[in-house]
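Reviewing the structure listed below.
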Amino acid sequence: MEAVRRQKRFRQNEGSLRRRRASVRGTPARNRKAGLSVKRRQANSRPIKEIHSISQPLSPLRDPAYEAAVRSFEVAIRHFHKQRYEVARELFEKLAASAPVGIADRAKVHLKLCNQRLGPPVRSLKGAEDYYVAGVSELNARRPEKAVEWLAKASKLRPDREEVLYALASAYALQGNVDAAMVPLKRSIELRRQNAFQAARDEDLRALASDPRFVELVRGGRFVTTRVRS
């Protein structure tokens, strides 16, 4: 009986020892697994913390004022390409004065281009000669409305200048305003008879070709399509 009890105690002690050894062997693995889990949780949580902790500057494209300036600039550019220079100039002037730096700089460049397309500003014109030069420039650029404006002012200051009157008649003719064109053309020919021969061959006066008054003025000349006056 004593031998049986010893054998039973031995088996119990051996089983307990095995369980302790297994427990000791499993502890590092569990610790390593637990440590890895902690690292993973830290790795997964770190980017979120960084994103929320970094104060990133607002992108210009997300700035409502910047976006509004961009839209205005695009509208101005469309008017510019369609040669609506006066409308485009007004928009570029506003952008140059109030838009963010990058847009304002571009607006200033296009503002200068608009001013060049529209001709010299009114404040730079001081006399009949200046108005005449500005009007001929607009006439050659095929902008008869502006040409009439400058040449009419020049003719008021110098009503005896036959070249001013002739250019004014050409501007009216390009507008299709036959009656208005006949008045300065008649006076121009009275001041210088050679203008009748020039008028007979001037493409700018083509709109007047079928008018009996024009035929009477240029009698002795013949209307052809060859352009003489530059």
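Computed over the Cα atoms of the range 125-217, the ratio of the radius of gyration to the Kirkwood radius (Rg/Rh) comes to 0.94.
Ranked by the mean number of other Cβ atoms within 10 Å per residue, highest first, peptides 135-145, 159-169 order as 159-169, 135-145. Inter-label distance, residue 108 to residue 193: 5.9 nm, where each label sits 7 Å from its Cα along the C-beta direction.
For the range 163-190, the residues whose amide N sits under 16 Å from a probe point set 7 Å from the Cα of residue 141 along the beta carbon direction are 171. Annotation: Cα Rg of the range 60-118 relative to the compact-globule expectation 2.2 N^0.38 Å equals 1.04.
Bear in mind these aren't lab numbers, they're just calculated from the coordinates by the rules spelled out. Note that the structure is a prediction, hence the values are computed from the model and not measured. Here Cβ is always computed from backbone atoms with ideal geometry, including for glycine, and neighbour counts include all displayed protein chains.
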